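Since the structure comes first, as structure tokens, the remarks are kept for the end.
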Amino acid sequence: MIDLLGNVYSSRPGKKGLERPMVELLDLGTPGDTRCIFRKLVRAADKLYALGSYRKIFRREGPDHWVDLASEGRGVPLPADVETSNYSDMDFGFRDLAAFAENDMYAVGGSGDVWHFNGQGWQQCAFPSNALLETVCCGGDGAVYITDLHGSVWTGRGNQWQLRVKGNIDPGYQPEDAVWFKGRLYLGCRSGGLLTLEGDSLLSLGEVGQFLPPPPWLCGRLDVSPCGEFMLTAGPRGACLLDSEGWHWLFDIDDLCCDIA
């Protein structure tokens, strides 16, 4: 886990607790004498990445060991006039990253800020919207799925994108995680709730006849196990796990409080 300022907490066999803050390990400076704000941790192509403001990406190599991709010559460039022009932090990514492989990754965020890594370097993709982008998912069908602040969904690759769903979700309830699980795109929304792409529509899980979905307060954030057999969702008050047999209620804060009492 990581917070906005780069404080890291890890839990691994034999040890769990706070690690050294990122600011003690790396140069986190950004244009305008500001400091990188961390927005998300993602697992992509069997590696863990921390995503920060001004297109910064850091790869985890182990406890207290992070690598700034820029130090390897694989950083994502900024405009040449970034220091002198009136850019906002909202103009740039990143908020999410996904990968088909280590040499085929996509990162998104900011105002239509979409980039592709081909193993040698990053290229900015011609994206047909300047909407504030939130999530990206590399689907098992070979397509890339991108969502924005209002829940619109684009599909495509490289410089070819089409609007699949026009979103009408209020800010504050938008998708903040996107995963591919068992042949289907799932979106986890802020403030709880899960959606899935069905044709050209976003539907709740109950609308597509799936297992009875968990309540919103137990879902929202999403992750899929490396083996691809389990999908975990966690919300403001608990967590649930989906497998081939259905949803399993892992815990609810209310239950824990009752047990303590």
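The values are calculated or read from the model by the stated rules, or taken from the named source; none is laboratory data. Fair warning: this is a prediction, and the values are worked out from it, not measured in the lab. So basically every Cβ, Gly included, is an ideal-geometry build from the backbone, and we count neighbours across all protein chains shown.
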### Message
If I filter the stretch 53-60 for residues that are closer than 27 Å to residue 180 by Cβ, in contact (Cβ under 8 Å) with a residue 40 or more places away in the chain, of a type in the set (Phe, Trp, Tyr) and not in a loop (DSSP other than H, G, I, E, B), do I get at least one hit?
### Response
no
### Query
Which of (1) of a type in the set (Val, Ile, Thr); (2) surrounded by 11 or more Cβ atoms within 10 Å (Cβ to Cβ); (3) farther than 29 Å from residue 139 by Cβ is the odd one out, the single condition residue 37 does not satisfy?
(3)
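Would you confirm, using the coordinates I've provided, whether residue 197 is touching a residue at least 24 places away in the same chain (Cβ under 8 Å), crowded, with 18+ Cβ neighbours inside 10 Å and either outside the structural domain of residue 135 (by TED's automatic domain parsing) or in contact with a strand residue (DSSP E or B) (Cβ under 9 Å, 6 or more places away or on another chain) (or both)? Let's see the steps before the verdict.
Details: touching a residue at least 24 places away in the same chain (Cβ under 8 Å): yes; crowded, with 18+ Cβ neighbours inside 10 Å: yes; either outside the structural domain of residue 135 (by TED's automatic domain parsing) or in contact with a strand residue (DSSP E or B) (Cβ under 9 Å, 6 or more places away or on another chain) (or both): yes.
Yes, satisfied.
Mind checking which residues of the stretch 180-234 are outside any strand (DSSP E or B) and touching an Asp or Glu at 6+ places or on another chain (Cβ under 6 Å)?
The initial filter retains those residues of the stretch 180-234 that are outside any strand (DSSP E or B), namely 182-183, 190-193, 199-200, 205-220, 225-230.
Those that are outside any strand (DSSP E or B) and touching an Asp or Glu at 6+ places or on another chain (Cβ under 6 Å): 190, 208, 230.
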### Task
Using the structure shown, decide if residue 71 is surrounded by fewer than 13 Cβ atoms within 10 Å (Cβ to Cβ) and of a type in the set (Ser, Thr, Tyr).
yes
### Task
For the stretch 65-112, name all the residues that are assigned to a strand (DSSP E or B) and charged (D, E, K, R).
68, 96, 104
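Got a sec? Which of 204, 191 is among the polar types (S, T, N, Q), surrounded by fewer than 20 Cβ atoms within 10 Å (Cβ to Cβ) and in contact (Cβ under 8 Å) with a residue 40 or more places away in the chain?
Working: 204 fails: in contact (Cβ under 8 Å) with a residue 40 or more places away in the chain.
After ruling out the rest, the residue left standing is 191.
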